[in-house]
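Accompanying notes for the structure given below.
The values are calculated or read from the model by the stated rules, or taken from the named source; none is laboratory data. The shown structure was predicted, so the numbers you read here are calculated from the model rather than taken from an experiment. Cβ placement follows ideal geometry from the backbone for every residue including glycine, while neighbour counts extend to all protein chains displayed. Protein only, heavy atoms only, side chains kept; ligands, DNA and RNA dropped before computing areas. Shrake-Rupley method; radii C 1.70, N 1.55, O 1.52, S 1.80 Å.
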Amino acid sequence: MGVYGTKKSVMRRIGAAALFALEIWLAAWLAGVFMHTALPAWLTAAAAAAGFAAAFFLPGVSGRLCRWGGAACALLAVSLGVMMMIYTRSAAYCEVDNGKAALYADKKVMVVVPHQDDEINLAGGVMEEYIRYGSEVYVVYVTNGDYRVPAKQRLKEAINALAALGVDEEHIIFLGYGDGCRDDDGNALYNSSASVGSLSGHAYTYALADHPPFREGRLYTRQNVLEDIRDVILAHRPDVIYGVDCDLHQDHQLAALLFDRAVGEILRDTDYKPLVYKGFAYSTAFKATDDFYRLNIKSTIDPGESLRVFAPGVYDWSERVRMPMSAGSLSRSMLSSRLFAAALAHRSQDEAEKIFRVVNGDKVFWRRETTSLCYAAQVTASSGDAGVLTDFLLGDTSNVLDPANNVTGIWHSETGDGERTVEVAFDTPQSIRRIKLYDDPSPRSNILNATISFDNGDEIDTGALSPLGSETVIEVSEDSVRSFTVRITEYEGDAPGLTEIEAYSGAFDAGVSFVKLMNGDGDFVYDYYIDPSGTERFSLYAYGCSASAESYEISCTGDEGCRTYADGESVVVQCPVGKSCEVTVTDGVNADTAVFRSSGSDELPYGMKAEIILREEWMKFCQVMNEIHDIEFILDRAFAIKKAELMDKLAYLRWGVRRVGEIVFGA
């Protein structure tokens with residue numbers, strides 16, 4: 001027997017001491033969450049060490065210490081759980097606005113995305129509003145996302161995620177193509193002329209046994225993907241289509257570029273003219289700024305040159321359409337957001353970790369007009385391929401694996417062509433009020449002037465076109481037009497060019513309309529904590545309607561002392577400390593209602609601070625687990641290599657023994 005007793009009793013004391021030290025560490029961590037600050041590591045370690053020593057050297061009280069420590073931890077944990085439960089329920093935004101019928105009601109909507117989880121990245125928060133207003137939402141997935149995860153898992157995750165957002169399973173369409181497809185030469189599916197196989201070993205479209213693809217058993221070819229996107233659109237003829245644009249992923253570019261080609265074919269071959277919006281799943285969502293935890297929800301931040309993987313300038317940030325979100329998907333606690341519930345369903349993609357970047361106060365898109373007269377015209381050029389000018393694509397690429405250095409799809413006049421002219425001719429006379437020209441997206445090639453000539457002899461100079469491929473709108477007033485020409489007269493760079501030419505018979509028609517209150521930073525307002533002074537000015541974001549506050553009737557309902565009024569272009573809201581109210585602006589068709597609260601402070605709520613710390617600790621834990629997994633993978637690989645080397649050596653030894661036996665014994 002030793003100084004501290006038998007070996008068995010010593011081990012019991014060590015176990016009790018370790019348990020008490022762990023309880024002290026856990027209690028310190030929980031206390032840090034309550035205090036919204038992690039205790040210094042040295043202090044926590046010192047307390048745990050002291051607890052270990054006390055429990056070990058005072059065996060008579062170690063049992064009581066462990067029980068007290070366990071009770072303290074349990075009390076803290078239960079208190080934290082109750083507090084977070086109360087906070088998450090109260091943190092959800094109040095859904096009081098019912099004034100977006102002109103935008104969201106009575107429509108058939110289609111969302112076309114490459115992978116399962118991109119529906120949240122592209123249109124999460126918008127799909128729910130369409131459904132709330134009685135519209136039908138269809139989601140089309142181009143691929144099965146089966147690169148690292150089996151398709152069966154990805155597709156079921158998508159069904160569960162969309163169920164959380166209210167989308168019926170019958171409205172979910174899988175085209176069934178493989179993820180990351182390449183041919184034998186390493187070309188991605190979009191740039192391959194042959195049928196290809198996916199990284200998961202598939203070569204034909206497939207989905208689930210109880211939810212088959214749009215067309216089963218189709219070879220993985222570019223033409224088949226194009227036809228399926230075109231035909232699924234024509235099969236449903238949605239009023240509104242949301243399509244992903246060129247993100248930094250070959251499948252996103254495949255879906256984006258073939259979607260544009262499909263729409264171009266539809267516009268040329270049919271009289272169907274849907275509203276088309278293009279947006280991004282990566283730069284404005286999945287890879288955007290992590291800015292969820294704010295007192296008031298922030299709007300999507302301009303990602304700059306990373307907006308689009310190539311030719312980023314074709315979309316002007318100031319021309320974006322900012323769709324208002326479903327307030328039911330917004331909260332000051334991610335745990336009570338519908339989008340978080342949907343993201344949890346995409347477990348294989350860790351979407352719940354990325355959702356903090358995805359959820360903002362708006363969803364950003366660019367409207368692509370579909371009523372251009374040029375789609376039904378004959379377009380010719382003095383040289384070069386004029387067909388690219390009416391294909392609906394704002395640039396193309398010959399290699400989606402390196403798109404920025406392989407930009408195509410631009411009309412350039414050939415060397416020696418002094419005319420540099422495009423002619424647009426119509427079968428019947430047309431009235432033209434607007435012409436859109438899209439310059440070459442290259443910053444090294446810019447049209448400084450072009451002359452538009454009409455068949456009646458009228459001419460107009462365009463001046464310098466907007467650079468980087470964004471649209472330039474030229475207002476005209478021409479009737480009975482049978483043809484017009486665009487001749488490039490001044491330029492810089494070696495080869496001036498255009499990506500698209502469009503002509504319209506009337507002014508821009510938004511097709512829908514809505515109005516939304518926004519604060520001085522341009523953030524949309526839903527459930528809003530007002531400036532600590534109790535007074536704040538707001539402006540109106542309007543699409544398809546007036547942005548002047550004087551055009552709207554403004555009302556306020558709520559606690560005594562709250563009031564609102566128009567002051568020029570501004571809406572002023574006054575809300576005393578401790579009070580709340582609802583403010584509504586309406587023009588009889590479009591309306592917006594938001595909740596305003598006043599706490600007299602701009603501090604984050606207590607529960608939000610605690611949730612931030614919990615998330616930070618969870619992310620640290622996940623990082624450690626990932627590092628452990630990486631170490632295990634490296635060790636497994638190392639042992640596998642050593643084992644293989646050993647087996648090779650044993651096999652060589654066995655061969656040597658047999659050879660010796662054959663030589664010595666003749667056997």
| query | Taking a 20 Å limit on the Cα-Cα distance, which of the listed pairs 354/516; 298/609; 107/363; 298/516; 156/287 fall beyond it? | reply | 354/516; 156/287
| request: For the range 426-435, just list the computed ³J(HN,Hα) in residue order, Karplus coefficients 6.51, -1.76 and 1.60, θ = phi - 60°, integers in Hz, with x standing in for Gly and Pro. | output: 10, 6, 10, x, 10, 8, 10, 10, 9, 10
| task | Amide H neighbours of residue 197 under 5 Å, at least 5 residues apart or on other chains, H built in the peptide plane: list them. | result | 182
| note | One can check that the equivalent ellipsoid of the range 484-569, built from the alpha-carbon gyration tensor with semi-axes equal to the square roots of five times its eigenvalues, has lengths in Å, largest first, of 44, 17, 11
| task | Just grab the label-to-label distance for residue 477 and residue 376, each label 7 Å out from Cα along the Cβ direction, in nm (one decimal). | result | 2.5 nm
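Packing-wise, with mean Cβ within 10 Å as the measure, how do 134-147, 296-309 rank, highest first?
On the way: 134-147: 24.0, 296-309: 18.1.
Ranked from most to least packed, the peptides come out as 134-147, 296-309.
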| request: Heavy atoms only, probe 1.4 angstrom, no DNA, RNA or ligands counted: give me 323, 518 ranked by accessible area, highest first. | output: 518, 323
| query | From the backbone phi of the range 244-259, what are the Karplus-calculated ³J(HN,Hα) couplings (6.51 cos²θ - 1.76 cosθ + 1.60, θ = phi - 60°) in whole Hz, Gly and Pro given as x? | reply | 6, 10, 7, 7, 7, 6, 4, 6, 5, 5, 4, 5, 5, 6, 6, 4
| query | Rolling a 1.4 angstrom probe over the protein heavy atoms, how many square angstrom per residue are accessible across the range 208-275? | reply | 35 Å²
| remark: Under 5 Å from the placed amide H of residue 321, counting only residues 5+ away or on other chains, we find 365, 366, 367
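At most 16 other Cβ atoms within 10 Å and a DSSP loop assignment: could you name the chymotrypsin sites (Phe, Trp or Tyr not before Pro) in the range 443-544 that fit?
Passing sites in the range 443-544 are 508.
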| Among 488, 505, 467, whose Cα sits farthest toward the positive end of the charge dipole of the range 432-543 (+1 at Cβ of Lys/Arg, -1 at Cβ of Asp/Glu, about the Cα centre)? | 505
| What accessible area per residue, rounded to a whole number of Å², is obtained for the range 323-442 using a probe radius of 1.4 Å? | 32 Å²
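Ignoring ligands, DNA and RNA, please state the percent of accessible area on the range 449-514 from carbon and sulfur, probe 1.4 Å.
Result for the range 449-514: 40 percent of the exposed heavy-atom area is carbon or sulfur.
With a 1.4 Å probe and all protein chains in place, put 556, 181, 562 in order of accessible area, largest first.
Result of the area sort, largest leading: 556, 562, 181.
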| said: Run the simple label-point estimate for residue 510 and residue 272 please: 7 Å along Cα→C-beta, distance reported in nm. | reply: 2.7 nm
| remark: Residue separation between residue 156 and residue 492 times 0.36 nm, minus their alpha-carbon distance, gives in nm 115.7 nm
| request: May I ask for the equivalent-ellipsoid semi-axes of the range 294-426, computed as the square root of five times each C-alpha gyration tensor eigenvalue and listed largest first in whole Å? | output: 42, 17, 13
| task | Using θ = phi - 60° and the Karplus relation 6.51 cos²θ - 1.76 cosθ + 1.60, list the HN-Hα couplings for the range 210-225 in order, rounded to whole Hz, with x at every Gly or Pro. | result | 9, 8, x, x, 4, 9, 8, x, 7, 4, 7, 10, 4, 5, 5, 4
| said: Skipping prolines and chain starts, which residues have an amide H placed within reach, meaning under 5 Å, of the one on residue 527, given they are 5 or more residues away or on another chain? | reply: 595
